[in-house]
1. Could you check the spin-label model distance between ALA215 and LEU295? Points 7 Å from the Cα along Cα→Cβ, value in nm.
2. For Rg and Dmax of the Cα atoms in Å, one of (1) 22.1, 69; (2) 21.0, 63; (3) 20.9, 74 was computed from the structure I shared and the rest are decoys. Which label?
3. Whole-Hz ³J(HN,Hα) for each residue in the stretch 73-80, computed from phi via Karplus 6.51 cos²θ - 1.76 cosθ + 1.60 with θ = phi - 60°, x for glycine and proline: what do you get?
4. To one decimal place, what orientation-averaged projected area in nm² is obtained for the convex hull of the Cα set of the stretch 79-204?
5. Could you run the Karplus curve 6.51 cos²θ - 1.76 cosθ + 1.60 with θ = phi - 60° over the stretch 392-405 and give me ³J(HN,Hα) per residue in whole Hz, x for Gly and Pro?
6. Would you please classify the overall shape of the stretch 140-202 from the alpha carbon gyration tensor, given that a ≥ b ≥ c denote the square roots of the eigenvalues, rounded means a/c under 1.5, and beyond that prolate means a/b larger than b/c while oblate covers the rest?
7. Assign unit charges at the C-beta atoms only (+1 for Lys and Arg, -1 for Asp and Glu), then state the dipole size of the chain relative to its Cα centre in Debye, rounded to the nearest 20.
8. Given bins 5 angstrom wide, list per bin the percent of all Cα-Cα distances in the stretch 87-141, short to long.
Amino acid sequence: MTTVPARIEDLPRIQAQRRTLIVLVAAQVLSGAGLAAGVTVGALLAQDMLSSTSLAGLPSALGTAGSALAAFAVGRVSQARGRRPGLAAGYLAGAVGSAGVIAAAVAGSSVLLFLSLLVYGAGMATNLQARYAGADLAVPARRARAVSTVLVATTVGGVVGPNLAAPTGDLALTLGIPYLAGPFLLAGIAYALAALVLAVWLRPDPLLLARALEAERTAVAYAQPGDTSGLLPTAVESHRVSVLAGALVMVLTQLVMVAIMTMTPVHMHDHGHGTAASGLVIAIHIGAMYLPSPLTGWLVDRYGPLTIAIASALALLAAGIVAANAPDDSVVSLSAALALLGLGWNLGLVTGTAIITDAVPLATRAKTQGLVDVSVAIAGATGGMASGLVVAGAGYPLLAVGGGILALAIVPAVAAARSR
């Protein structure tokens with residue numbers, strides 16, 4: 001059985017939480033660059049190698065499918081051994097996948113590209129799983145803000161990464177690597193450094209320390225006369241409904257976000273925009289995905305997650321409407337649409353994370369969080385794969401509007417959870 005070293009047990013909880021957030025922030029800055037670099041050119045690379053727009057969503061689908069497998073694995077490792085080995089292994093797998101994508105582009109191998117994108121998805125999953133580590137030691141009243149602190153750190157790397165698409169492409173050409181594979185050089189290095197930061201400095205392990213502190217608290221509670229610990233059946237059912245509601249919020253926001261985000265660079269490319277322009281739009285989008293996190297965390301802690309979930313649905317609807325009506329030559333309009341898309345995703349992710357974390361006990365928290373993120377990743381894979389088919393058959397505007405309307409399904413789900 002994994003235990004917390006004695007030297008860690010002496011650290012005050014607040015000091016351990018502060019150190020955890022600092023280390024996670026550093027790792028998220030790096031992993032954000034790795035995540036964003038691949039997102040910027042993944043669809044374009046597939047379109048170039050496969051000569052098909054209908055398959056341009058395949059990299060996103062494969063990456064998110066790989067992230068589903070990785071979310072399950074990282075959750076299981078974290079449950080058994082703690083956050084540090086789980087997160088470090090996930091980022092290392094993302095680095096390996098990045099190297100595989102580069103090799104596939106050089107060799108012109110579609111099969112190797114597909115396999116590598118599956119592995120690359122581990123970095124995407126780990127980037128999201130890290131938010132749970134920020135909440136392990138946080139007090140309930142500040143849990144959403146702790147999650148948001150980890151998420152907002154991704155903004156730095158997420159904004160820098162897409163804007164390095166052109167320079168890394170030029171570097172790739174000098175190294176004899178196809179231009180569109182260049183950003184994966186950055187992704188591989190960034191993910192490897194993130195793994196190193198976590199492996200070396202994420203001590204004490206937040207999940208293991210939280211369990212140790214919870215065990216002490218429980219022991220004291222059992223020692224008190226009249227102890228009535230344990231959940232009543234109605235409370236168990238309430239927690240189950242909360243988990244389902246939190247999962248549904250994140251699943252829908254992920255599906256809609258990935259579908260529209262994936263095809264926006266392809267849409268821009270087909271209308272004469274260069275890599276730098278699409279990189280700028282994706283950078284704005286990723287900034288909107290993570291930069292509002294501190295405000296979102298405060299709103300969730302202040303007004304409750306169910307209210308903010310409805311705001312998420314409305315933001316995604318607005319994003320779809322703006323994207324569908326954006327002139328083909330307007331970078332400004334598409335930037336506004338992708339900013340709203342990122343904001344809606346952020347509201348949904350912080351809300352869903354807070355709901356799940358509050359509802360699940362520490363004994364099974366990491367495993368449940370991993371399983372929920374598997375559902376989220378599968379939704380992203382579905383959105384990424386379907387997006388290319390929808391655009392090829394009906395056009396980008398229909399994809400955007402359809403995604404916005406689908407996001408409204410969050411509202412009745414949240415209403416049902418609130419009534420329980």
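Any read-out appearing in this document is the output of simple, stated calculations on the displayed coordinates, not a laboratory observation. If you're wondering where the values come from, they're calculated on a predicted model, not measured in any experiment. Cβ: placed from backbone, ideal geometry, glycine included. Neighbour counts: every protein chain shown.
1. 4.3 nm
2. (3)
3. Computed from phi, the couplings for the stretch 73-80 are 5, 5, x, 5, 5, 5, 4, 8 Hz.
4. About 8.4 nm², averaged over all directions.
5. Here the 3J(HN,Hα) series is 5, x, 10, x, 5, x, 5, 4, 5, 5, x, x, x, 5 Hz.
6. oblate
7. The calculated dipole for the chain is roughly 1120 debye.
8. The calculated distribution, bin by bin, is 5, 22, 21, 15, 12, 9, 6, 4, 3, 2, 1.
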